[in-house]
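Here's the structure we're looking at; comments come further down.
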Amino acid sequence: MIFGDFMNWEEERNSLSPVIQKALEYIKNTDLVQLDTGKYEIEGDDLFAVVQEMSTVDKSERRAECHSKYIDVQYLISGEEIIGFARESRENVPVENELETKDYALYEEIKGEMELALYPGMFAIFFPSDLHRPGCSRNGRTTIKKVVVKVNKKWLIPN
């Protein structure tokens, strides 16, 4: 998992892979506030954005998830969000496993879960070995708007 914002982007950008840079450049250079919810292609099914609006809930009401094909670059446009996260381990067993067909597995509980508070302008990058529980809140239901740029992990493997 990588956590950041664009405050020092010019100095830090070269420390990330080119495809992650491309995902973050899309976020940085797009007027996300004006976008409607939905899917936006960047590079076909290998790199695309999903704009979401949702009500946050208590962590107990949301399942954690992971993916096998895509990396999530999650950026908060408005509101406040808590994301639970942990590393994948043998102790964390999915209650629903659709990794082969739909690229997700869901978990009720995850051992070693930590919380990350996101505010507008912040991003978190979750790799396939990162379990994450987005859309949570400590203060009851609030409305958030966010974009998730999905990056096919095959782009990270050098040719």
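Please treat every number below as a calculation from the coordinates, not as lab data. Computed from a prediction, not measured in an experiment: that's the story for all the values here. Neighbour counts run over all protein chains shown; Cβ positions are idealised from the backbone, glycine included.
Would you say Lys59 is within 15 Å of His132 (Cα to Cα) and touching a strand residue (DSSP E or B) at 6+ places or on another chain (Cβ under 8 Å)?
yes
Say we look at the stretch 42-87 and pick out the residues that are closer than 21 Å to Glu100 by Cβ and aliphatic (A, V, I, L, M); which of these is nearest to the chain's Cα centre (by Cα)?
Out of the qualifying residues, it is Ile71.
Sort out for me the helices (runs of 4 or more DSSP H) sitting completely within the stretch 1-120 that have 1 or more residues that are of a type outside the set (D, E, K, R) and either over 22 Å from Lys154 (Cβ atoms) or touching a helix residue (DSSP H, G or I) at 6+ places or on another chain (Cβ under 7 Å) (or both).
Values: elements: 9-12, 18-29, 99-102.
It comes to 9-12, 18-29.
If the requirement is being over 20 Å from Phe3 (Cβ atoms) and in contact (Cβ under 8 Å) with a residue 60 or more places away in the chain, which of these qualifies: Ser129, Ser68?
Only one candidate qualifies: Ser68.
For Glu53, only one of the following conditions fails: (1) under 16 Å from Ile125 (Cβ atoms); (2) surrounded by 10 or more Cβ atoms within 10 Å (Cβ to Cβ). What is its number?
(1)
Can you give me the number of residues within the stretch 17-47 that are more than 17 Å from Lys146 (Cβ to Cβ) and either in contact with a Gly (Cβ under 9 Å, 6 or more places away or on another chain) or basic (Lys, Arg) (or both)?
Result for the stretch 17-47: 1.
For the stretch 7-26, which positions are more than 20 Å from Leu47 (Cα to Cα) and among the hydrophobic types (A, V, I, L, M, F, W, C)?
Within the stretch 7-26, Met7, Trp9 meet the criteria.
Is at least one residue of the stretch 147-159 closer than 27 Å to Tyr26 by Cα, assigned to a strand (DSSP E or B), among the basic types (Lys, Arg) and in contact with a Gly (Cβ under 9 Å, 6 or more places away or on another chain)?
no
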